[in-house]
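A.B. asks: Below is the structure I would like to discuss, written out as structure tokens.
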Amino acid sequence: MGQVAWKGLFLSLFDYKTEKYVIAKNKKVGILYRIVQLSILAYLVGWVFVVKKGYQDTDTSLQSSVITKLKGVAFTNTSELGERLWDVADYVIPPQGENVFFVMTNLIVTPNQKQATCPESDSIPDALCYADGDCPAGEAVVAGNGVKTGRCLKDRDNIRGTCEILAWCPVEKRYKPKRPLLGSAENFTIYIKNSIRFPKFKFSKMNVLATSNESYLKSCRYSEEHPYCPIFLLGSIVRWAGSNFQEMALEGGVIGIQIEWNCDLDKAPSECNPHYSFSRLDNKFAEKSVSSGYNFRFAKYYQDANGVDYRTLIKAYGIRFDVMVNGKAGKFNIIPTIINIGSGLALMGAGAFFCDLVLLYLIKKSNFYRGKKYEEVKSTSRKSLNSPTHNGNQSPEQLGGL
């Protein structure tokens, strides 16, 4: 018995299976099959080829360069600085014009600091003291301005005082400004020059209009009507990001400038245009948060006639702009076209397979359809055909058996 089974298994390797097409007169399954076909065809044509441009080869390795320049002047008159004119060398940091830059809109100035001993600010908890023992000499003040000297300084008959420190004295003024010093920066302009290249297709372009008119960049302003004018008003950028410039200029913030290049290189190069979007990147909804805004400190150093080092400490508030560039390019290529067409044809076959499952297993007459779809045909010898039991009018199904 074992030899017979192994023999049958071996001989089955040489069997050939061929498709048999059975026309099922079932309207429900027929309608379902056409709906599946139309859905797959709509997906292939509408989504794959029209929306996603599946016939194109794409390049997402965008190479980009960003250069920025600001223009504008402002005049201020304060007790610390007196009358002063501010230009780009004063309020733009860093001055090189990179894709990340800072525009100072407000500041707190502590002038004429020198290294000496002075009382620490009473707004710092670690500097509060009741006796000299609360101020260990040589210990740095946590979140403070210097190193403790070992003395507790008190005003008159006060019980509590502040530790004396070795630091740049007088210590930094700690107060929040009521209004932005450079509120007129709203009318400053920024020039954003962006050059991009898609290396796979050797395609390059800029966001600046190709013109020989030298006055164009001096007079134009970016708008939907002038997408190739790279001159923006700072106030407009902040407004497009959904914020008020004067409120943001008071304590600072971060604005993202997104430049998107989505280029269909099957069309003319003039159809490849930059698309700008603007968003506020710091937490603008946390109005009462102690971490809201954006600021940092820097100092300007000098010496007096006696060689003593002095500095002017500036706590700068302002808006940081992050210019981010991304994009992709596509161009016709026969390889992705063939791959997507082949995928569509495979989905057509999957649709037929699904309808076969419905026909053979999910409807009432599934047994009848299974009997018509699957049959086993065995070849018969001439001897069996000439035997008395053979009837020449038998059908192929009767010859092979079902």
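The values are calculated or read from the model by the stated rules, or taken from the named source; none is laboratory data. Remember, it's a predicted structure, so these values are computed and weren't measured experimentally. Neighbour counts run over all protein chains shown; Cβ positions are idealised from the backbone, glycine included. Heavy atoms of the whole protein, side chains included, go into the accessibility calculation; ligands, DNA and RNA do not. Shrake-Rupley method; radii C 1.70, N 1.55, O 1.52, S 1.80 Å.
A.B. asks: Starting from the Cα-Cα distance between A140 and V358, subtract it from 0.36 nm times their residue separation and give me the gain in nm to one decimal. Don't jump to the answer; show the numbers that get you there.
C.D. replies: Details: separation 218, 0.36 × 218 = 78.48 nm, distance 7.99 nm.
Length gained, A140 through V358: 70.5 nm.
A.B. asks: Per residue, how much accessible surface does the range 1-131 expose to a 1.4 Å probe? Answer in Å², no decimals. The partial results should precede the final answer.
C.D. replies: Details: 9020 Å² over 131 residues.
Here the residues of the range 1-131 average 69 Å² of exposed surface.
A.B. asks: Here is a further query. Tilt of helix 334-357 relative to the longest C-alpha principal axis of the chain, in degrees (0 to 90, nearest 10)?
C.D. replies: Taking Cα atoms only, the helix is inclined about 60 degrees.
A.B. asks: Which order do you get for D304, D59, D155 if you rank them by accessible area with a 1.4 Å probe, largest at the top?
C.D. replies: On the way: D304 55, D59 5, D155 110 Å².
Final ranking, largest accessible area leading: D155, D304, D59.
A.B. asks: Under a 1.4 Å probe, what is the accessible area of the range 143-282 per residue, stated in Å²? Don't skip to the end; give the middle numbers.
C.D. replies: Values: 7580 Å² over 140 residues.
Per residue, the range 143-282 has an accessible area of 54 Å².
A.B. asks: Roughly what % of Cα-Cα distances in the chain sit above 34 Å, to the whole percent?
C.D. replies: Values: 50261 of 80601 pairs.
Roughly 62 percent, once rounded to a whole number.
A.B. asks: Here's something else I'd like to know. Reachable lysines from K178, Cα under 27 Å, same-chain residues fewer than 8 places away excluded?
C.D. replies: Within reach: K71, K284, K288, K300, K315.
A.B. asks: Taking the 0 to 90 degree range and rounding to the nearest ten, how far is the long axis of helix 27-42 tilted relative to the main principal axis of the chain, both from C-alpha atoms?
C.D. replies: Rounded to the nearest ten degrees, it is 40.
A.B. asks: What ranking of T312, T105, T117 comes out by heavy-atom accessible area, probe 1.4 Å, highest first?
C.D. replies: Details: T312 30, T105 0, T117 80 Å².
The residues order as T117, T312, T105, largest area first.
A.B. asks: A follow-up question, please. For the chain, what is the percent of antiparallel DSSP beta bridges, rounded to the nearest 5?
C.D. replies: On the way: 68 of 80 bridges.
The answer is about 85 percent antiparallel.
A.B. asks: Something else: Can you pick out the pairs among K69/K202; K52/K373; K53/K365; K17/K365; K173/K218 whose Cα atoms lie more than 32 Å from each other?
C.D. replies: On the way: K69/K202 28 Å; K52/K373 39 Å; K53/K365 44 Å; K17/K365 25 Å; K173/K218 41 Å.
Those over the limit are K52/K373; K53/K365; K173/K218.
A.B. asks: Relative contact order for the chain: what percent, with Cα pairs under 8 Å and sequence separation of 6 or more?
C.D. replies: Numbers: 693 pairs, mean separation 77.9, N = 402.
Across the chain, relative contact order equals 19 percent.
A.B. asks: Here's a follow-up. Points 7 angstrom from Cα along the Cβ direction at K178 and N306: gap in nanometres?
C.D. replies: About 3.7 nm, to one decimal.
A.B. asks: Give me the angle, in degrees from 0 to 90, between the Cα long axis of helix 2-12 and the longest principal axis of the Cα atoms of the chain, rounded to the nearest 10.
C.D. replies: Around 80 degrees separate the two axes.
A.B. asks: Oh, and also: What does the net charge come to around Y33 if you take all other residues with beta carbon closer than 14 Å to its beta carbon, with K and R at +1 and D and E at -1? Don't jump to the answer; show the numbers that get you there.
C.D. replies: Working: positive: K25, K27, K28, R34; negative: D356.
Around Y33, the charge tally is +3.
A.B. asks: Would you rank F10, F278, F296 by solvent-accessible area, highest first, keeping every protein chain in place and using a 1.4 Å probe? Before the final figure, lay out each step's value.
C.D. replies: Values: F10 115, F278 35, F296 55 Å².
If we order F10, F278, F296 from most to least accessible, we get F10, F296, F278.
A.B. asks: Here's another thing I want to ask about it. Summarise the accessible area of the chain (1.4 Å probe, protein heavy atoms) by the percent that is carbon and sulfur. Intermediate results must be reported in sequence, preceding the final value.
C.D. replies: Details: 14380 of 25900 Å².
Here it works out to 56 percent.
A.B. asks: For I93, put the label point 7 Å out on the Cα→Cβ axis and report which residues of the range 307-322 keep their amide N under 20 Å from it.
C.D. replies: 310-322
A.B. asks: If a cysteine in the chain has no other Cys Cβ under 4.7 Å from its own Cβ, put it on the list, ordered by number.
C.D. replies: C355
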